[in-house]
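For reference, the structure is listed below as structure tokens.
The values are calculated or read from the model by the stated rules, or taken from the named source; none is laboratory data. Please read all numbers here as calculations on a predicted model, not as lab measurements. Cβ placement follows ideal geometry from the backbone for every residue including glycine, while neighbour counts extend to all protein chains displayed. Ligands, DNA and RNA are stripped out before the accessible areas are found, and what is left, the full protein with its side chains, is counted by its heavy atoms. Shrake-Rupley method; radii C 1.70, N 1.55, O 1.52, S 1.80 Å.
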Amino acid sequence: MRLLVVEDDPDINRQLVTALQDSGYVVDAASDGEEGHYLGESEPYDAVVLDLGLPILDGVSVLERWRRAGKKMPVLILTARDRWSDKVAGFDAGADDYVAKPFHMEEVLARVRALLRRSAGHATSELTCGPVSLDTKSARVIVNGMAIKLTSLEFRLLAYLMHHKGKVVSRTELVEHLYDQDFDRDSNTVEVFVGRLRKKLGVEVLHTIRGMGYCVTEPDNAA
């Protein structure tokens, strides 16, 4: 899953990016509202962590512009603890949740997981597809009751497809959501990792739809 962090405090920005990357996300970062607005409008993020007190363009304005442009990615806003009016303005602008500063990083991570879950229509941190179970909180994958080891990229690939179970996901969409903006999008690494992942799973849940992309489906529903 690909995230955007927009935060002008360099220490907080770095801490957020590091914690999210350590949790298996691909993360882009911006340090002012203008850059954040541009990235959020031009790149397909699964979620955004947005500070409201930004230079050049404040966070509420950034969010309002995204929503006017039809951008629907879930947004977690960061606010000062005593500024309740900022929280109201953020929600009115289209925010989905908030965390007050100073915050505990585990709370931010939990709220990001919840936003990603809800946006994909899932109620819990455990995603299932037939004998395959993926826990977004512990980053564990279980197949027929046995834990399997995946690389970071293999896990991100499976997690994205599991979040969108039953939907055909194109190679282009996978590249946009699994890699940062500097990745060579003509590379064939997606095909390579799909092949490796299918072998590790060992069950018929991950399918290649010729000319369209990839799809995770329940074994009994597989085409």
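Observations
- Of all residues in region 73-100 being more than 21 Å from residue 112 (Cα to Cα) and either open to solvent by less than 30 Å² (accessible area, probe 1.4 Å) or among the charged types (D, E, K, R) (or both), the one that is modelled with the highest pLDDT: 83
- Against the criterion of being on the phi < 0 side of the Ramachandran plot, among the hydroxyl-bearing types (Ser, Thr, Tyr), over 17 Å from the mean Cα position of the chain (by Cα) and crowded, with 16+ Cβ neighbours inside 10 Å, residue 23 does not qualify.
- Considering residues of region 109-121 that are out of contact with any strand residue (DSSP E or B) (no Cβ under 8 Å at 6 or more places or on another chain) and open to solvent by 50 Å² or more (accessible area, probe 1.4 Å) only, the residue farthest from residue 23 (Cα to Cα): 121
- Summed over region 1-18, residues that are farther than 19 Å from residue 79 by Cα and not in a loop (DSSP other than H, G, I, E, B) total 2.
- Here residue 28 fits the description: in contact (Cβ under 8 Å) with a residue 60 or more places away in the chain and in contact with a strand residue (DSSP E or B) (Cβ under 8 Å, 6 or more places away or on another chain).
- Criterion (closer than 18 Å to residue 93 by Cβ and at pLDDT 95 or above) met by exactly one of 70, 53, 33: 33
- Condition broken by residue 69, with the remaining ones in (1) touching a strand residue (DSSP E or B) at 6+ places or on another chain (Cβ under 9 Å); (2) open to solvent by 40 Å² or more (accessible area, probe 1.4 Å) satisfied: (1)
- Selection of helices (runs of 4 or more DSSP H) fully inside region 21-135 by the criterion of at least 2 residues being under 28 Å from residue 153 (Cβ atoms) and among the small types (Gly, Ala, Ser) returns 33-42, 105-119.
- Scanning region 136-167 for residues that are open to solvent by 30 Å² or more (accessible area, probe 1.4 Å) and touching a Pro at 6+ places or on another chain (Cβ under 9 Å) turns up 142, 144, 145.
- Residue 47 fulfils the conditions (1) closer than 14 Å to residue 6 by Cβ; (2) over 16 Å from the mean Cα position of the chain (by Cα); (3) buried (at least 17 other Cβ atoms within 10 Å of the Cβ) except for a single criterion, (2).
- Among (1) at pLDDT below 90; (2) open to solvent by less than 70 Å² (accessible area, probe 1.4 Å) - the single one residue 181 does not satisfy: (2)
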